[in-house]
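Visitor: Handing you a structure now.
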Amino acid sequence: MMVTTGRDKAMERAFLVGLETQKSGRYEVGESLDELALLVQSAGGEVADRATQKLDHPVAPTYIGSGKAAELALAAKAKKADTIIFDDELSPAQARNLEGIFSCKVLDRTQLILDIFAQRAKSKEGKLQIELAQLVYLLPRLTGMWTHLSRQSGGIGMRGPGETQLEVDRRRVQERITRLERDLAEVRKHRMIQREGRMRQHWPVAALVGYTNAGKSTLMNRLTHSEVVAEDRLFATLDPTIRQFRMPNGVRVLLGDTVGFLKKLPTHLVESFQSTLEEVAFADVLIHVVDASHPQREQQRKAVDEVLQKIGAGDKHTLTVWNKADRLENWTTLEWEARTAPHGVVISAKTGEGIPNLLSELASMLTAWSIRVRIRVPQSEGALLALLSRAGRILEKRYEGNEVELVAHIPPFLRGKVAPFILPEDGKNPGITLGRETEGAVDESRSGGLGGGGIVSDPLTDGVAG
């Protein structure tokens, strides 16, 4: 959102607009506009002013009504704002109509987020993903970009240059989308190869998830002694990062840091970043980092849970970490929330307070993840296979006729469901490893892979002490 002229840089002044409806009250809209203001600052702009409109529902042509739009146009001009940003996604028609009323650039929340992502993407994968999301958003909005050209009418052979150029641009954008999807498929294949290489180490995998600016990167730096970019602003980091660290009990863990989530996160943005978010889906344990100092921390938790459901990771074993407790005078409420959660701790990633408790809880959870099974499931058991993919981690997969042979990490609650499909070794021992009870179990990576017998090694006792 920076406008550059020669050597001079002028910061864009944004006028924010929110809509209060029956579904969203004044307080909720105010909080959302506060977050929108932080997004503007993160994009490199400044907020000139903000305003809200109260309606039962959005108005189809102009979202806030033509009268209110004309009123705000005068207010924005008085504040010398050069960009109007709406807190919700606008339809192509609404954006065109509002630009005509405001006589300046009109954006919505989605465009602002896409702009921030475009600034922060550093890796090839990140750049491909954000370009794809931008083009998917742009495609239905191309029509308004050619209204300045003449349009003839009169039937066949009489179409004007505006419509002709529009068709050309649509075709080019669609071709570029297809090419990006193909390139991302190659990136996904390469990432899968890397993931399989990490799986062969038999190290458990934990993924940091949470609302943007909750402190995930700071926690990663604290645990892994790395120097991942960690700043006090929204979407400070975008590209995924994976580091390893050693637990106090000697177990090595792979820790992944992913893009932060947000309320009203565009659906097509989640879809574009699917290959990045796969790191979450393949993790053994999720570490959900919550900003304990934020007044809307519970709403932020729910927003993250909704995104996890969208990407198929809602059933994952999760450790909830209330971070930034150093900013609070009283921890009583947080400690109560942590005790009532299935797995929860209160920490300060900045000062290190509470980190021993986090490591202790994580070690306890990872011990439960030492359940590894070799099973053969009929392909007709689609629901079970889908559940294994969502809640477990598939280490190896091979199709044999109408059956699928799997080696998988599973949480304890799935043990009963997979019991009928466990493969025995030599018809005697069940193909399942529980905790540290089978330290002498055969490692499938040294015994011929899927064909090497039913018992699989314990990842928390084999190959991690060094």
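The values are calculated or read from the model by the stated rules, or taken from the named source; none is laboratory data. Source: prediction; values computed, not measured. Using ideal geometry, Cβ is built from the backbone for each residue, glycine included, and neighbour counts are taken over all protein chains shown.
Visitor: All but one of (1) under 21 Å from Ser42 (Cβ atoms); (2) surrounded by fewer than 21 Cβ atoms within 10 Å (Cβ to Cβ); (3) modelled with pLDDT of 85 or more hold for Arg96; state the number of the condition that does not hold.
Guide: Looking at each condition in turn, Arg96 falls short on (1).
Visitor: May I pose another question? Residues of the stretch 323-346 being among the charged types (D, E, K, R) and in contact (Cβ under 8 Å) with a residue 24 or more places away in the chain, which ones? Outline the logic, then answer.
Guide: Initially, the stretch 323-346 is screened for residues among the charged types (D, E, K, R), giving 324, 326-327, 329, 335, 337, 339.
If the condition is that a residue be among the charged types (D, E, K, R) and in contact (Cβ under 8 Å) with a residue 24 or more places away in the chain, then Lys324, Asp326, Arg327 are the ones that fit.
Visitor: Given the condition closer than 26 Å to Arg141 by Cα, charged (D, E, K, R) and touching a residue at least 60 places away in the same chain (Cβ under 8 Å), answer yes or no: does some residue in the stretch 30-43 qualify?
Guide: Yes, that holds for at least one residue.
Yes/no per residue for (1) modelled with pLDDT under 80; (2) surrounded by 15 or more Cβ atoms within 10 Å (Cβ to Cβ); (3) touching a strand residue (DSSP E or B) at 6+ places or on another chain (Cβ under 7 Å):
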position: Val373; (1), (2), (3): no, yes, yes
position: Gly382; (1), (2), (3): no, no, no
position: Leu385; (1), (2), (3): no, yes, yes
position: Arg393; (1), (2), (3): yes, yes, yes
position: Val407; (1), (2), (3): no, yes, yes
position: Pro420; (1), (2), (3): no, no, no
position: Ile432; (1), (2), (3): yes, yes, yes
position: Thr438; (1), (2), (3): yes, yes, no
position: Ser445; (1), (2), (3): yes, yes, no
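Visitor: Also: Could you list, in sequence order, the residues of the stretch 335-347 that are of a type outside the set (A, V, I, L, M, F, W, C) and under 23 Å from the mean Cα position of the chain (by Cα)?
Guide: If we filter the stretch 335-347 for residues that are of a type outside the set (A, V, I, L, M, F, W, C), which is where we start, we get 335, 337, 339-340, 342-344.
Pro342, His343, Gly344 - these are the residues of the stretch 335-347 that are of a type outside the set (A, V, I, L, M, F, W, C) and under 23 Å from the mean Cα position of the chain (by Cα).
Visitor: Ok, one more. Looking at Ser389, Ser360, Ser364 in this structure, which one is on the phi < 0 side of the Ramachandran plot, at pLDDT below 90, assigned by TED's automatic domain parsing to the domain that holds Ser217 and of a type outside the set (A, V, I, L, M)?
Guide: Details: Ser389 fails: assigned by TED's automatic domain parsing to the domain that holds Ser217; Ser360 fails: at pLDDT below 90.
Residue meeting the stated conditions: Ser364.
Visitor: Still on this structure: Go through Val106, Val47 for me and flag whichever is farther than 19 Å from Tyr137 by Cα and out of contact with any Pro (no Cβ under 9 Å at 6 or more places or on another chain).
Guide: The match here is Val47.
Visitor: In the stretch 1-119, which helices (runs of 4 or more DSSP H) lie fully inside it and hold 1 or more residues that are more than 27 Å from Gln300 (Cβ to Cβ)? Give the derivation first.
Guide: On the way: elements: 26-43, 66-78, 92-102.
Of the helices (runs of 4 or more DSSP H) lying wholly inside the stretch 1-119, those with at least 1 residues that are more than 27 Å from Gln300 (Cβ to Cβ) span 66-78, 92-102.
Visitor: Related question: Taking the criterion of being closer than 22 Å to Lys264 by Cα and in contact with an Asp or Glu (Cβ under 8 Å, 6 or more places away or on another chain), would at least one residue in the stretch 71-80 satisfy it?
Guide: no
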